[in-house]
1. Can you say whether residue 265 is out of contact with any strand residue (DSSP E or B) (no Cβ under 9 Å at 6 or more places or on another chain) and assigned to a loop (DSSP other than H, G, I, E, B), as far as the supplied structure shows?
2. Specify the residue that is most open to solvent (accessible area, probe 1.4 Å); the eligible residues are those in region 21-56 that are of a type in the set (S, T, N, Q) and more than 16 Å from residue 104 (Cα to Cα).
3. For region 199-221, which positions are within 19 Å of the chain's Cα centre (by Cα), open to solvent by less than 70 Å² (accessible area, probe 1.4 Å) and more than 10 Å from ligand 1 (Cβ to nearest atom)?
4. Any residue that is open to solvent by less than 20 Å² (accessible area, probe 1.4 Å) and more than 15 Å from ligand 2 (Cβ to nearest atom) - is there at least one of those in region 12-20?
5. Please determine, by comparing only the residues of region 109-137 that are charged (D, E, K, R) and either over 19 Å from the mean Cα position of the chain (by Cα) or more than 15 Å from ligand 1 (Cβ to nearest atom) (or both), which one is farthest from residue 20 (Cα to Cα).
6. What number of residues in region 245-283 are under 35 Å from the mean Cα position of the chain (by Cα) and surrounded by fewer than 11 Cβ atoms within 10 Å (Cβ to Cβ)?
7. Tell me, which residue of region 62-108 that is in contact (Cβ under 8 Å) with a residue 12 or more places away in the chain, away from ligand 1 (no atom under 11 Å from the Cβ) and among the small types (Gly, Ala, Ser) is nearest to residue 25 (Cα to Cα)?
8. Would you check which residues across region 57-72 are buried (at least 21 other Cβ atoms within 10 Å of the Cβ) and either basic (Lys, Arg) or within 20 Å of the chain's Cα centre (by Cα) (or both) and list them?
Amino acid sequence: MKDILYLVIPCYNEEEVLKETAKRVFEKINIMIKNNIISNESKILFVNDGSKDKTWSIIEDLHSRNNVFSGINLSRNRGHQNALLAGLMIAKEFADMIISLDADLQDDINVIDKFVEQYYSGSDIVYGVRCSRETDTFFKRTTALAFYKLMKNLGVDMVYNHADYRLMSKRALEGLDQFKEVNLFLRGMVPLIGYKYSIVEYERHERFAGESKYPLKKMIAFALDGITSLSVKPIRIITGIGFTIFLLSILALIYSIAVNFLGNTITGWTSLTISIWMLGGIQLLCIGVIGEYIGKIYCETKKRPRFIISDKLIKNEIKNT
Ligand code: UDP
Ligand code: MG
């Protein structure tokens, strides 16, 4: 008896791509079941992240035709990371291994075999890593590179060029379940689980249809979430800046006293003005950074649910929760 695989696919306004995605992943799963690589109880789990278009009705339709397609419907849009987590947490109840991928066919489904192969050879986590970024715009490529470098400098252990295309075993997901934080940055959290992992390279395609659901604003918010949820180094840098300025102020003090005794106290307007502006600016920036962390603590202490599921279409039964 082979192990059960679930594919978890978060979808937000994906009516343009969903049918094609369903068709292609179904073919893939079907071949793998026929070749006895995975169990015939394997399924494709779509997570509708509060879409405003026909995404959920397409999922319902797919499920009614063939229950290899299952779905969960979130009560509202909660963002990619929360939608993905919802899918993973539900799938881990039924599956032995779970692969998360995007709905837009950017992640090459032909490497799923390699993921599963690595799983059978003992890896609990298999990271899909892009071998090149040619399909990205210049802007996305450079900002992504800068982000990975920054994270590395901040001491965060992240797999380079890995997004959220990965396989995780049931026990790895049980590990992830113990991370109760509401600020989710899964690609930074997964390496913290531990266990044996491996890497599979793949070519990332262009989005099959529709537009990216990650505009610049969401990308920046996501990057900030990543930094603040995994590293306190920015606060330490602030301490460093404070300390340096303090040392400089001692020099300034000695200078001011010396100038005072020499009787040249009229001059110094420029340095005074610069100091006020610069120190004021640095202080505001530092308060902002600390505030960012306090905001995160505020959210964490409230312990609000990370997602609420309104409908489940799994195992041929409709459960309303
Ligand atoms: N997505 C989601 N909720 C959101 C935004 C995106 O579930 O609020 C899903 C989206 O449907 C897709 C995946 O997350 O399956 C990645 O989004 P997208 O392809 O738009 O991002 P990009 O590839 O441009 O970074
Ligand atoms: Mg995409």
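1. yes
2. Going through region 21-56, the residues of a type in the set (S, T, N, Q) turn out to be 21, 30, 35-36, 39-40, 42, 48, 51, 55.
With the extra rule that they be more than 16 Å from residue 104 (Cα to Cα), the set shrinks to 30, 35-36, 39-40, 42.
Details: 30: 52, 35: 97, 36: 97, 39: 3, 40: 114, 42: 2 Å².
Selected residue: 40.
3. Passing the criteria: 200, 202, 221.
4. Scanning region 12-20, I find no residue that is open to solvent by less than 20 Å² (accessible area, probe 1.4 Å) and more than 15 Å from ligand 2 (Cβ to nearest atom), so the answer is no.
5. 124
6. 2
7. So the residue we want is 70.
8. Here is the first cut: in region 57-72, the ones buried (at least 21 other Cβ atoms within 10 Å of the Cβ) are 58-59, 62, 69-72.
Once the filter is applied, which keeps residues that are buried (at least 21 other Cβ atoms within 10 Å of the Cβ) and either basic (Lys, Arg) or within 20 Å of the chain's Cα centre (by Cα) (or both), region 57-72 yields only 72.
The values are calculated or read from the model by the stated rules, or taken from the named source; none is laboratory data. Keep in mind that this is a model prediction, so the values were computed, not measured. Quick reminder, even Gly has a Cβ in these numbers, built from the backbone with ideal geometry, and neighbours come from all protein chains shown. Just the protein is used for accessible areas: all its heavy atoms, side chains included, with ligands, DNA and RNA removed. Shrake-Rupley method; radii C 1.70, N 1.55, O 1.52, S 1.80 Å.
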